[in-house]
Every structure is written in C-alpha cells, then in structure tokens.
Amino acid sequence: MLPAPVASEWEWQLRAGCRTYDVSIFFEREDDAEQSARARAVCGGCPVLEQCRDYAIDAGEPHGIWGGLSARERNRQRWRRPRPPARQSQHQLTFPVIHPRGRARS
Ligand code: SF4
C-alpha cells in the first residue's frame, strides 16, 4: 500500500505563476534565448519560486525552466547544496531487538 499523499508537499503548485501560461515556453530550446527569457520573466514574478526551484533541484528535473533556472543551472546548484534529509516513511517497520540474554525490546 502506498503512503497517503502529503498535501503540503505539492499544494504550492496551486499558486504557480505559470498556471495560466502555455507550458511550452518553459521547455527551452538551446537556441531560443527569447523563449527562455519569457519563461524566466514569468518565474521572476512567481510567488512560489523558491518551492518550485527546490522541488526541481531535489527531483533532478532534466528539462525546462523551473524556478527561473535551466536544467544546467539546477545541476550546478544541486552539487553545491547539502542533500535534504530522507523523508520518514509512515510505514516504517520496527523490529524488536532481541537482547543477547533473551529479552525482547522494541
Ligand atoms: S517558478 Fe516558474 S516554473 Fe516554477 S511555478 Fe513559478 S512560474 Fe512556474
């Protein structure tokens, strides 16, 4: 069974500045600086730029403009920052520790 979705991890997307734009402008072509500049301008006024950028860096999004950064720029930032702590599973298994003298502890 999959863990339940955690709304706080995705609800920032409801406030995304790009929700009303054609998504194609965010997926830059290397040779189209104008298209990239338009996408970055939208990101520049976005209220969830930080969350978007963090998500894209952590997820390793390989394409497009996210949080005002290209894939190459995100890659550079990924290597500079500390890794986020691993998410705790809600279904973490715990096993009793069997004491060497025979009493179980949990
Ligand atoms: S930062 Fe840019 S790509 Fe990210 S949600 Fe905002 S407008 Fe969309």
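Observations on the structure shown:
- Subset tally (residues that are within 22 Å of SER8 (Cα to Cα), near the ligand (Cβ under 8 Å from one of its atoms) and among the hydrophobic types (A, V, I, L, M, F, W, C)) for the range 47-68: 5
- Looking only at the range 8-31, and only at residues there that are of a type outside the set (Phe, Trp, Tyr) and surrounded by 13 or more Cβ atoms within 10 Å (Cβ to Cβ), the one that is nearest to ARG76 (Cα to Cα): GLU28
- Per-region count, the range 62-83, residues among the aromatic types (Phe, Trp, Tyr) and more than 13 Å from the chain's Cα centre (by Cα): 1
- Any hit, the range 73-93, residues being within 13 Å of the ligand (Cβ to nearest atom), at pLDDT 90 or above, in a loop (DSSP other than H, G, I, E, B) and not aliphatic (A, V, I, L, M): no
- If you go through the range 1-46 and pick out every residue that is within 14 Å of the ligand (Cβ to nearest atom) and part of a loop (DSSP other than H, G, I, E, B), you end up with 12.
- Filter result (farther than 16 Å from ALA16 by Cβ and surrounded by fewer than 17 Cβ atoms within 10 Å (Cβ to Cβ)) within the range 39-70: ASP58, GLY60, PRO62, HIS63
The values are calculated or read from the model by the stated rules, or taken from the named source; none is laboratory data. Keep in mind it's a predicted model, so treat the numbers as computed, not measured. Backbone-built Cβ (ideal geometry, glycine too); neighbour counts: all protein chains shown.
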